[in-house]
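Scroll down for the structure; my scribbles are underneath it.
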Amino acid sequence: MGALELRNLISEYVSTADERLLKMVKAVMESYRDEEFTLSESDYKILDQRRERHLKQESTSFSWQEVKQNARNANS
């Protein structure tokens, strides 16, 4: 089910929901909105190392076209 279908389904539920369900939906939405995504110091170190390897051409890189083709081939 795609995002548009989910939005429509949720809209239907919300339009007929009782107060209890609306409070639960509100709590979930607030939790999602307030959630912060942070990287740890070790995550930053790994990213820096990978970036350095990429800049030195010591790692394999792919063009966007190659990435798309590889994804298509994986689904076949």
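The values are calculated or read from the model by the stated rules, or taken from the named source; none is laboratory data. This structure is a prediction, so every number in the text was calculated from the model and none was measured. Cβ placement follows ideal geometry from the backbone for every residue including glycine, while neighbour counts extend to all protein chains displayed. Please note that ligands, DNA and RNA were not included when accessible areas were found on the heavy atoms of the full protein model with its side chains. Shrake-Rupley method; radii C 1.70, N 1.55, O 1.52, S 1.80 Å.
Observations on the model:
- Each Lys or Arg adds one and each Asp or Glu subtracts one; over the other residues with Cβ under 13 Å from the Cβ of Met24, this totals 0.
- Computed from label points 7 Å out along Cα-Cβ, the spacing between Arg7 and Thr60 is 3.8 nm.
- If only the Cβ of Lys and Arg carry +1 and only the Cβ of Asp and Glu carry -1, the dipole of the chain around its Cα centre is close to 340 debye.
- Distance in nm between pseudo-label sites at Glu52 and Tyr32 (7 Å out along the Cβ direction from Cα): 4.0 nm
- Surface composition of the chain: carbon and sulfur make up 54 percent of the accessible area, probe 1.4 Å.
- Orientation-averaged projection of the stretch 1-71 equals 8.3 nm² [convex hull of Cα atoms, one quarter of hull surface area].
- Where only DSSP H runs of four or more residues are counted, the chain gives -23000 deg cm²/dmol as its mean residue ellipticity at 222 nm, each run worth -39500 (n - 2.57).
- For the chain: accessible area per residue (Å², 1.4 Å): 100 Å²
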